[in-house]
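Trainee: Take a look at the following structure, please.
The values are calculated or read from the model by the stated rules, or taken from the named source; none is laboratory data. Please read all numbers here as calculations on a predicted model, not as lab measurements. Cβ sites come from the backbone with ideal geometry, for glycine too, and all protein chains shown count toward neighbours. For accessibility, only protein heavy atoms count, side chains too; no ligands or nucleic acids. Shrake-Rupley method; radii C 1.70, N 1.55, O 1.52, S 1.80 Å.
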Amino acid sequence: MSDAEREGERHWDTLDVERVIEELDTDPPGLASEEAARRLEECGPNALPKREPASWWRILLRQFDDSLIFVLGLAAIVSLAIGETVDALFIGLVLGVNAAIGGVQEWQAERSSQALQGLIRTRATVVRDGETQDVDGEAVVPGDVVLLEAGYRVPADVRLLASRNLEVDESALTGESAGVVKDEHWVGDERVPIGDRRNMAFAGTVVNRGRGRGVVVATGTDTEVGQLAEDVTTVEGGDPPLVARMERFTRLVGVVVLIVATITALLGIGVGHIDAVEMFLFAVALAVSAIPEGLPVGITVALGVASRRMARVGVIVRRLVAVEGLGSCTMIASDKTGTLTKNELTVEQVRLPGGRTVSVTGTGYAPTGTVLQDGHLPDPDVADELSRIARAAVLCNEGALYQHDDEWSWRGDPTDVALLAFGEKLGWSRRSALDRYPHVGDRPFEPEFRFGATYHENEGETRVFVKGAPERVLEMCDLKGVDAASGACLREEVTEMAQQGYRVLALAEGTVASATETAQNTEPSHLTLLGFLGLIDPLRPGVAQAVAAAEHAGIAVTMVTGDHPETALAIARDLDLADTAEAVMTGAEFADLPPEAVGDVLETTRVFARVSPAQKLQIVEAARNVGHFVAVTGDGVNDAPALRQANIGIAMGKSGTDVARDAAELVISDDNFATIVAGIAAGRVAYDNIRKIVYLLVSTGAGEVLLVLASLAAGMPLPLLPVQILWLNLVTNGIQDVALAFEPEEGDVLDRPPRDPEERIFDRLMVERVGVAALVIGGLGFASFGWLLGQGLPEDVARNHLLLLIVLFEMVNIGNARSETVSVFALSPLRSPVLVAGTSLAMVVHLAAMYHPVGQAVLGTAPVGFDQWVVLGGLSLVMLVAMEIHGWTWRKRFPRDVTGATSRDTAIDRPDDDSTDRNERNRRRPDSDRND
């Protein structure tokens, strides 16, 4: 299909019905079956492009796509080339374990995500060969005539030919929470946005009420939703911070290995007592020391543990690295409808004639709650008026609300269902109301008349109940006894409710002369005004607290919605995101901003309304360009491009569309925004634990490097064999670093500002701690090895004692690793039973290697006497003393740094009275961290 043809198809709303029929070469009675089959062959099935689920072997191979894995693989190849088979097997084993752990986790997450997609295929009712047929949705072709009814999902993009009281929920496509009333006679122009094309019904949307008949103008990827799905495949998202940090860390490791090997060669040549082969073995030993072989497994386990913690609170992790990414986000760009709100209209306020206001408690369609006047149950007169307005609400209604096995179900227009829930709260069910007031006629709601009416028999007379736009219903009411000032007050009340973000409905009742009047569809008159109802899509429970917690954690929460500015402002007020209309910016206004103003707008604006999918994408890109690490939440097809463009995409699991879930790295199974905050906490804990693992492994490796270099410079033999270094890095340290992955959080991680996405793992604190620990391991290890050799012990015996000493250093250092700034004596080991078990297991494993013949043969180990245990154990405690002294000096130098958080002011704070305190809280680390 050419671009011109596609452009033409995307503007069918600009053509009248006759031109549409002509362009599609179809007939109002429908296509012939043979012609439909030919078009299906030509155009292909009516299906969206779907990404094939990753196979298990692709997921497994993905675990090797990491720079550190490449370095370790190269080390294994070199070891194998020089005949060090045991070393190569050790490294190969750790790579296999890492791939297995990560692969299993991501495979399970992928299966969970696929399970959310549902197995029910869309069906469509079409007219072919002059007869109505039910066909598979994928068999619908351009030119098909389709029939639409309440509850149907629109199978393709349809130009309406006829409609009766047709209203469509397009929230999944546009983000607009209110249903769109359709009119086949309306004709637009190419500038009309999707949400305002009243003569079109779009694929994936749902019919709220009424009936319609239309001709299919686009299927599959040519539909509006199909175009969005294709856009998703062309948008590239940002890498999580952990990926960038590990890339930098791997480059650092590579440079260190190269420098160490060069120094080794120079020293060997300078000393002159080592031949080329032995010098090469020295270089290999140093390289093995410098590479933290256990780090991939440790990181994978840490992310896996965090992933399972997230799963317990309702977050499905599709990619492990997204775990830490969520903890690093500095901005959450959230959809409103279905994410912050329930996507269930609720009557929240009632205004009765005379200026009396009644509040309605309970949210959503389940009719739990009551009505209150000034915080108390209404007096009898008010209760009687409320009963009358509730009766009108359930009688002038086309929806259904029913209870089955203690669960409430509904169908129909959201407004009608909200009115039924309101009626139930006041004791009026639709069934009981119809039993007392049998239905004899109706006048369906139509856009041009802006009201609907139903007629009912009661005690020999015909009563009419009306709902509609307030100004329209007021015209029908008998206000002769109301003075001009009171009439103006009524209209002012409506304006006030609308400014509060309510969708306002007026209800009235009256009596008609006879049922004949209903048949003639005469407009009702001389009605009695019952009052005004204020409806709103309410917040999800816990969302306000979750937004406050995210802001407290230094994360800018921004609402990005396709809804009207007034509606967005009402929700934003409840969330403390905005309090005036000026604080809300539309998507068109944002698109017109000069580039230099974007950064300032993102700092001060928390609500964007009337935003199209393309504009939402622009907002996400702009936020990333000014330095934000952006998490985007959403559930609709319209959210998918922004989900993919974001650093972290978060889709809703229950209400989310397949396209949105496929574009996201994380899926919220309960659709609760509050769950995201729990996920952020788990992500921050994961990063804390990764830093602990890095410190433990790198400090040990750096100590080994210093030990080997010092021994070489002093003309001493190799203090540790390569296989012994691998044993330390992969087995004894490896068991403990895996245990560190299970560490619980230190204090409240949500009291910290977000980490700068550009932050290096090796910031000032990490460098100092690694340096102190490496000096203790390298210095005492070198002194001990030299002393043992000076006592006349053979090299293998001295190495055995040195190996045990470093294992004991590791046992002590695991306690230091539990916190970067808190004393080890302030941390109870009972909080970390896994760590206690891991440390004990590492010691038992090394003891087994010392006493078992296989361990003795491979590692050159042997039992040592009690006296040696005492001496070596005492030396290992120097590590504890040294790190405690460093921790004490750090707390003295930087007293506010009690959580290990950075000082970067990356969170964009709202300009309120607390901004100074927030910025002060963000300054946690010394300035030198910014450019280390």
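Trainee: Quick check on my filter: what residues within the stretch 181-230 are open to solvent by 10 Å² or more (accessible area, probe 1.4 Å) and among the aromatic types (Phe, Trp, Tyr)?
Mentor: Within the stretch 181-230, just Trp186 meets the criteria.
Trainee: Looking at Val260 and the list (1) surrounded by fewer than 19 Cβ atoms within 10 Å (Cβ to Cβ); (2) at pLDDT below 70; (3) over 30 Å from Leu666 (Cβ atoms), which single condition is not satisfied?
Mentor: (1)
Trainee: Being surrounded by 16 or more Cβ atoms within 10 Å (Cβ to Cβ), in contact (Cβ under 8 Å) with a residue 60 or more places away in the chain and not small (Gly, Ala, Ser) is the filter here; which residues of the stretch 768-790 pass it?
Mentor: Across the stretch 768-790, the qualifying residues are Arg769, Val770, Val772, Val776, Ile777, Leu780, Phe782, Phe785, Leu789.
Trainee: Could you please tell me which pairs satisfy a Cβ distance under 6 Å, a separation of 6+ or placement on different chains, a first residue in the stretch 299-320 that is within 22 Å of Asp662 (Cβ to Cβ), and a second residue that is hydroxyl-bearing (Ser, Thr, Tyr) and in a loop (DSSP other than H, G, I, E, B)?
Mentor: Listed by first residue and then by second, the contacts come to Gly314/Ser669; Ile316/Ser669.
Trainee: Can you tell me which condition Ala162 does not meet? The list is (1) over 30 Å from Gln615 (Cβ atoms); (2) part of a loop (DSSP other than H, G, I, E, B), and all the others hold.
Mentor: (2)
Trainee: Follow-up. Of the residues Ala322, Ala390, Ala418, which single one is open to solvent by less than 10 Å² (accessible area, probe 1.4 Å), outside any strand (DSSP E or B), modelled with pLDDT under 85 and not β-branched (Val, Ile, Thr)?
Mentor: Ala322
Trainee: State all residues of the stretch 596-630 that are charged (D, E, K, R) and crowded, with 21+ Cβ neighbours inside 10 Å; if no residue qualifies, say none.
Mentor: Listed by number, the residues that qualify are Arg606, Arg610, Lys616.
Trainee: Looking only at the stretch 349-367, how many residues end up being touching a residue at least 12 places away in the same chain (Cβ under 8 Å) and either assigned to a loop (DSSP other than H, G, I, E, B) or of a type in the set (S, T, N, Q) (or both)?
Mentor: 11
Trainee: Hey, another quick one. Give me a count of the residues in the stretch 141-173 that are among the β-branched types (Val, Ile, Thr), more than 15 Å from Pro414 (Cβ to Cβ) and in contact with a Ser or Thr (Cβ under 9 Å, 6 or more places away or on another chain).
Mentor: Residues in the stretch 141-173 being among the β-branched types (Val, Ile, Thr), more than 15 Å from Pro414 (Cβ to Cβ) and in contact with a Ser or Thr (Cβ under 9 Å, 6 or more places away or on another chain): 4 in total.
Trainee: I've got another one for you. In this structure, does Ala678 turn out to be under 19 Å from the mean Cα position of the chain (by Cα) and crowded, with 24+ Cβ neighbours inside 10 Å?
Mentor: No, not satisfied.
Trainee: Sort out which residues of the stretch 397-415 are open to solvent by less than 60 Å² (accessible area, probe 1.4 Å) and within 31 Å of the chain's Cα centre (by Cα), and write them in order of number. Give the steps one after another, and end with the answer.
Mentor: Filtering the stretch 397-415 for residues open to solvent by less than 60 Å² (accessible area, probe 1.4 Å) gives 397, 399-401, 409, 412-415.
Selection gives Ser409, Gly412, Asp413, Pro414, Thr415.
Trainee: Is it the case that some residue within the stretch 291-312 is part of a helix (DSSP H, G or I), among the acidic types (Asp, Glu) and in contact with a helix residue (DSSP H, G or I) (Cβ under 6 Å, 6 or more places away or on another chain)?
Mentor: Looking through the stretch 291-312, none of the residues is part of a helix (DSSP H, G or I), among the acidic types (Asp, Glu) and in contact with a helix residue (DSSP H, G or I) (Cβ under 6 Å, 6 or more places away or on another chain).
Trainee: Would you mention how many residues in the stretch 819-861 are touching a Pro at 6+ places or on another chain (Cβ under 8 Å) and not basic (Lys, Arg)?
Mentor: Of the residues in the stretch 819-861, 5 are touching a Pro at 6+ places or on another chain (Cβ under 8 Å) and not basic (Lys, Arg).
Trainee: Restricted to the stretch 424-447, and to residues that are touching a residue at least 40 places away in the same chain (Cβ under 8 Å) and small (Gly, Ala, Ser), which residue is farthest from Thr337 (Cα to Cα)?
Mentor: For the stretch 424-447, the residue satisfying everything is Gly441.
Trainee: Oh, and also: Could you say which residue among Gly542, Gly534 is of a type outside the set (A, V, I, L, M) and in contact with a Leu (Cβ under 9 Å, 6 or more places away or on another chain)?
Mentor: Gly534
Trainee: Taking Val104 and the conditions (1) assigned to a helix (DSSP H, G or I); (2) open to solvent by 50 Å² or more (accessible area, probe 1.4 Å); (3) closer than 30 Å to Thr223 by Cβ; (4) modelled with pLDDT of 70 or more, which numbered condition does it fall short on, given that it satisfies the others?
Mentor: Every condition holds for Val104 apart from (3).
Trainee: Take the residues of the stretch 546-595 that are without any contact (Cβ under 8 Å) to a residue 60 or more places away in the chain and in a strand (DSSP E or B): which is surrounded by the most Cβ atoms within 10 Å (Cβ to Cβ)?
Mentor: Val584
Trainee: Another question about this same structure. Search the stretch 493-526 for residues being closer than 16 Å to Leu395 by Cβ and out of contact with any Ser or Thr (no Cβ under 9 Å at 6 or more places or on another chain), and hand back the single one that is modelled with the lowest pLDDT.
Mentor: Among residues in the stretch 493-526 that are closer than 16 Å to Leu395 by Cβ and out of contact with any Ser or Thr (no Cβ under 9 Å at 6 or more places or on another chain), the one modelled with the lowest pLDDT is Pro524.
Trainee: Please enumerate the residues belonging to the stretch 143-164 that are more than 23 Å from Glu448 (Cα to Cα) and open to solvent by less than 20 Å² (accessible area, probe 1.4 Å).
Mentor: Passing the criteria: Gly143, Asp144, Val145, Val146, Val154, Pro155, Ala156, Asp157.
Trainee: Determine if the stretch 655-675 includes at least one residue that is crowded, with 24+ Cβ neighbours inside 10 Å, of a type in the set (Val, Ile, Thr) and at pLDDT 85 or above.
Mentor: Yes, the stretch 655-675 contains a residue that is crowded, with 24+ Cβ neighbours inside 10 Å, of a type in the set (Val, Ile, Thr) and at pLDDT 85 or above.
Trainee: Could you look through the stretch 325-348, keep only residues that are in a strand (DSSP E or B) and either open to solvent by less than 10 Å² (accessible area, probe 1.4 Å) or of a type in the set (Phe, Trp, Tyr) (or both), and pick out the one that is farthest from Ile389 (Cα to Cα)? If you could, list the steps in order and put the result at the bottom.
Mentor: Of the residues in the stretch 325-348, the ones in a strand (DSSP E or B) are 331-334, 341, 346-348.
Still in the running and either open to solvent by less than 10 Å² (accessible area, probe 1.4 Å) or of a type in the set (Phe, Trp, Tyr) (or both): 331-334, 341, 346-347.
On the way: Met331: 44, Ile332: 41, Ala333: 39, Ser334: 36, Thr341: 26, Thr346: 15, Val347: 12 Å.
Among those residues, the one meeting the criterion is Met331.
Trainee: Among residues belonging to the stretch 361-373 that are over 9 Å from Lys425 (Cα atoms) and hydrophobic (A, V, I, L, M, F, W, C), point out the one that is least open to solvent (accessible area, probe 1.4 Å).
Mentor: Ala366
Trainee: Just one of the numbered conditions (1) over 29 Å from Pro380 (Cα atoms); (2) without any contact (Cβ under 8 Å) to a residue 60 or more places away in the chain; (3) open to solvent by less than 10 Å² (accessible area, probe 1.4 Å) is not true of Arg450; which one?
Mentor: In the conditions (1) over 29 Å from Pro380 (Cα atoms); (2) without any contact (Cβ under 8 Å) to a residue 60 or more places away in the chain; (3) open to solvent by less than 10 Å² (accessible area, probe 1.4 Å), Arg450 misses (3) alone.
Trainee: Looking at (1) under 23 Å from the mean Cα position of the chain (by Cα); (2) assigned to a strand (DSSP E or B); (3) closer than 30 Å to Cys489 by Cβ, which is the only condition Leu529 fails?
Mentor: Against the list (1) under 23 Å from the mean Cα position of the chain (by Cα); (2) assigned to a strand (DSSP E or B); (3) closer than 30 Å to Cys489 by Cβ, Leu529 comes up short only on (1).
Trainee: Yes or no: Phe465 in contact with a strand residue (DSSP E or B) (Cβ under 6 Å, 6 or more places away or on another chain), modelled with pLDDT of 95 or more and under 13 Å from Leu527 (Cβ atoms)? Write out each step before concluding.
Mentor: On the way: in contact with a strand residue (DSSP E or B) (Cβ under 6 Å, 6 or more places away or on another chain): yes; modelled with pLDDT of 95 or more: yes; under 13 Å from Leu527 (Cβ atoms): yes.
Taking the combined requirement at face value, the residue satisfies it.
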